[in-house]
Amino acid sequence: MRAWPPDRVAEAAGARLVAGAAAGGPERVTIDSRDVRAGDLFVGLRGANVDGGAFACQALDAGAWGVLVGPGHVSGADRGVVLEADDPLAALGALARAWRRALGAQVIGVTGSTGKTSTKDLLAAMVATARRVTATAQNLNTEIGLPLTILGAPEGTEVLVLEMAMRGAGQIGELGAIAEPDVGVITNIGPVHLEHLGTLEAIAAEKAALIAALRPGGTAVVPAAEPLLAPHLRADVRIVTFGPGGDVADLGDVELPFTSAHMRRNALAALAAARAVGVEPHGRIDVRLSARRGQQIELPGPLIVLDDCYNANPMSMRAALDELAATAGGRRVAVLGDMLELGPDERRFHEEIGAHAAARDVDVLVTVGPRAAHMAGPFGGETHAVADAAAAADLVPGIVQPGDTVLVKASRGVGLEAVTEALQATAATT
């Protein structure tokens, strides 16, 4: 947006130009006043406890090109552009949508109950073999992160790969209205956020809002034989299925640096989406997965850690245990924490994971948290139950043995990366 003058930025955001003039536009958009650099547009968002607009003058003093805030935060500014909007978050989304249109890039939205971040990473790597790509960094996949990703895309971007997350009804639709996707990828439908949405059918309807957001003639990439999505498919949108029995059922000559079944399934979804924007990847694809999404860490001992502790739900827990069973050469140690937001059936879901761990011949199970403790009974083998991640970090380094493979997985709120960090620290001192 460097060429956009203040009045055009204001119009794009649906904001009022209150003060200031500049020959060009902002170089970057940020919502963190501590991160403001010369030439930035600072957007002051309202939080639960603090209104970011209160830091508008601080941002201008730091050299910001301008600020986009709610009414009344700046008066008589003579050192930058001041834009006012009744709802700064909505203005941020509108500005991102305007920049998306100005870029003229093809947009791929990625959502699903599990695997969306890995699929996004795989897709960006595939498309980057032939096109200039901007993709969601880490998990900037919300009503704040998605607009910032779009606004961070430089001129010349040809494909935007945008991860879309939801915590409740209506949120995928909101993200779709900002992104205006040409291609929508739904990785799967599973029992995630049941506490908020209640049923699998409701979860499917929320994820399918991405299909509803597609323009006529767009492409929806969906799992083969997923009946929950059937009511939401559109006749004016091309439907491409992936997985066994689907339109994209194998990777052809695409080579990936992993062999796990769930990651290869994610890769099929990514390949289908890459083809939808005219890219046919070949050969080895170099993929840098976002942190704590199943990375294999080799430590002295020897010890292998499967660091998959960014998040967890029943589907991803099963997949991770399958990967542990397929890759471990020695003992299989599973450090599993609470799965959150599962609603009234949360005990049953945790018990089923315990049974799955037993079926996958896990040797040692460490449960972390009150919900995960329900895994122990159906597991039936050697079990250690601890209250929280700190206790697990104290325990696990003392029970692992040379040759073990250790899976570390839980919902984000458990903070189970403490276990991985403890294992790394212990290895560094031995």
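The values are calculated or read from the model by the stated rules, or taken from the named source; none is laboratory data. Fair warning: this is a prediction, and the values are worked out from it, not measured in the lab. Every residue, glycine as well, gets a Cβ built from its backbone with ideal geometry; the counts of neighbours run over all protein chains shown.
Things worth noting here:
- For Ile297, the conditions (1) surrounded by fewer than 24 Cβ atoms within 10 Å (Cβ to Cβ); (2) over 26 Å from the mean Cα position of the chain (by Cα) are fulfilled apart from (2).
- Residues that are closer than 23 Å to Ile108 by Cα and among the charged types (D, E, K, R) were ranked within region 195-214; the one that is surrounded by the fewest Cβ atoms within 10 Å (Cβ to Cβ) is Glu206.
- Sole exception among (1) in contact (Cβ under 8 Å) with a residue 40 or more places away in the chain; (2) on the phi < 0 side of the Ramachandran plot for Gln171, by number: (1)
- Among the criteria (1) in contact with a strand residue (DSSP E or B) (Cβ under 6 Å, 6 or more places away or on another chain); (2) in a loop (DSSP other than H, G, I, E, B), the one Glu280 does not fulfil is (1).
- When Ala153, Ala130 are checked against the criterion of being among the small types (Gly, Ala, Ser), assigned to a loop (DSSP other than H, G, I, E, B), in contact with a strand residue (DSSP E or B) (Cβ under 8 Å, 6 or more places away or on another chain) and at negative phi, a single residue qualifies: Ala153.
- Inter-residue pairs, beta-carbon under 8 Å, first farther than 14 Å from Leu41 by Cβ and in region 78-92, second in a strand (DSSP E or B) and not polar (S, T, N, Q), 6+ apart: Asp78/Ala19; Leu89/Arg46
- In the condition set (1) under 29 Å from Leu162 (Cα atoms); (2) crowded, with 19+ Cβ neighbours inside 10 Å, Arg101 is compliant with all but (2).
- The criterion of at least 2 residues that are buried (at least 24 other Cβ atoms within 10 Å of the Cβ) and in contact (Cβ under 8 Å) with a residue 12 or more places away in the chain is met by the following strands (runs of 3 or more DSSP E) wholly inside region 333-423: 364-368, 405-409.
- Some residue of region 65-87 being under 33 Å from the mean Cα position of the chain (by Cα), surrounded by fewer than 23 Cβ atoms within 10 Å (Cβ to Cβ), on the phi > 0 side of the Ramachandran plot and not assigned by TED's automatic domain parsing to the domain that holds Gly156: no
- Checked against the criterion of being among the small types (Gly, Ala, Ser) and within 21 Å of Ile150 (Cα to Cα), the candidates Gly24, Gly53, Gly47 yield just one match: Gly24.
- The residue list Asp86, Asp7 contains one member that is assigned to a helix (DSSP H, G or I), at pLDDT 90 or above, acidic (Asp, Glu) and over 22 Å from Leu162 (Cβ atoms), which is Asp7.
- Search result, residues across region 109-136 that are within 25 Å of Ala177 (Cβ to Cβ), aliphatic (A, V, I, L, M) and in contact (Cβ under 8 Å) with a residue 60 or more places away in the chain: Val110, Leu123, Val127
- Residue check for Ala179: within 14 Å of the chain's Cα centre (by Cα), crowded, with 17+ Cβ neighbours inside 10 Å, of a type outside the set (D, E, K, R) and outside the structural domain of Asn311 (by TED's automatic domain parsing): no
- Selected residue (only one of Ile178, Ile203, Ile189 is hydrophobic (A, V, I, L, M, F, W, C) and over 28 Å from Leu92 (Cα atoms)): Ile189
For (1) within 14 Å of Ala270 (Cβ to Cβ); (2) of a type in the set (A, V, I, L, M, F, W, C), each residue gets a yes or a no:
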position	(1), (2)
Ala202	no, yes
Leu214	no, yes
Gly217	no, no
Val221	yes, yes
Leu228	no, yes
Gly245	no, no
